[in-house]
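The values are calculated or read from the model by the stated rules, or taken from the named source; none is laboratory data. Please read all numbers here as calculations on a predicted model, not as lab measurements. Quick reminder, even Gly has a Cβ in these numbers, built from the backbone with ideal geometry, and neighbours come from all protein chains shown.
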Amino acid sequence: MSQTYDFYAARAREARAAAEEATLDNVRQREMRAAATWTELADQARRVAEGRAKVEREKAAARDALAAQGG
């Protein structure tokens with residue numbers, strides 16, 4: 001996965017850890033909201049990276065097919 005995914009996933013883990021350690025309810029809730037946001041960003045980055053990889057595989061297959069036809 002991309003560095004962006006790793007960054008977002010790490011921030012989500014940090015926010016969850018901070019929420020577990022929080023003694024104040026408002027801090028715990030804030031960290032849980034942050035964790036949810038970071039997790040969604042990580043998921044989105046993963047989907048984008050997978051989509052890009054799929055497009056690249058399709059383009060490579062099309063190039064190979066064209067080359068096999070002698071074009």
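Here are the numbers:
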quantity: Residue in the stretch 19-26 that is in a helix (DSSP H, G or I), surrounded by 12 or more Cβ atoms within 10 Å (Cβ to Cβ) and more than 16 Å from the chain's Cα centre (by Cα) present; calculated: yes
quantity: Only listed residue being at pLDDT below 95 and either touching a Gly at 6+ places or on another chain (Cβ under 8 Å) or part of a helix (DSSP H, G or I) (or both), chosen from ALA53, ALA42, ALA36, ALA49; calculated: ALA49
